[in-house]
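Chemist: Attaching a single structure in structure tokens format; questions to follow.
The values are calculated or read from the model by the stated rules, or taken from the named source; none is laboratory data. Keep in mind that this is a model prediction, so the values were computed, not measured. Cβ sites come from the backbone with ideal geometry, for glycine too, and all protein chains shown count toward neighbours. For the accessible areas, the whole protein counts, side chains as well, though only heavy atoms, and no ligand, DNA or RNA atoms are used. Shrake-Rupley method; radii C 1.70, N 1.55, O 1.52, S 1.80 Å.
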Amino acid sequence: LLLALRASKAKIAVFIFFIVIICIILGTVMYMIEGKENGFDSIPHSIYWAIVTLSTVGYGDITPQTPLGQSISAIIMVLGYGTIAVPTGIVTAELTKNAMSRSNTQSCPSCGLDAHDDDASFCKACGQSL
């Protein structure tokens, strides 16, 4: 697991960076669309709203009133589920890659066991030389 996390850290870092940029862009867009009259009184406050909406923690203190703003809000909420699924998929792919690279199809001539480690000299079941 630790090897998979280490191998995944660059991909996850890029993904998190992407999420931060999306929050900044969509928060700014929401400020421009909704404006002060709908509670989006500053760009930083709107970015905060985007982060809270993305993380599905939303407190309901600010809600978009325009159809376009509500559509963008829905997109941000769906992206929030991706923040869970994508890193999980990245780590799972690395775990699978590590598991598959550790074994090969070499079979023991004595007992027939296969899937030995690539660097194995002896069978892990019966001890026979491979």
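Chemist: So residue 114 passes all but one of these: (1) at pLDDT 85 or above; (2) open to solvent by 70 Å² or more (accessible area, probe 1.4 Å). Which condition number does it fail?
Modeler: (1)
Chemist: Follow-up question, since we're still on this one. Mind listing whichever residues of the stretch 12-24 are open to solvent by less than 90 Å² (accessible area, probe 1.4 Å) and more than 11 Å from the chain's Cα centre (by Cα)?
Modeler: 20, 21, 22, 23, 24
Residue-by-condition table, conditions (1) open to solvent by 70 Å² or more (accessible area, probe 1.4 Å); (2) within 25 Å of residue 14 (Cβ to Cβ); (3) in a helix (DSSP H, G or I); (4) free of Cβ contacts under 8 Å to residues at least 60 places away in the same chain:
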site: 47; (1), (2), (3), (4): no, yes, yes, yes
site: 50; (1), (2), (3), (4): no, yes, yes, yes
site: 71; (1), (2), (3), (4): no, no, yes, yes
site: 76; (1), (2), (3), (4): no, yes, yes, yes
site: 80; (1), (2), (3), (4): no, yes, yes, yes
site: 107; (1), (2), (3), (4): no, no, no, yes
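Chemist: Do you know which residues across the stretch 52-69 are open to solvent by 90 Å² or more (accessible area, probe 1.4 Å) and touching a residue at least 24 places away in the same chain (Cβ under 8 Å)?
Modeler: Residues satisfying the conditions are 65, 68.
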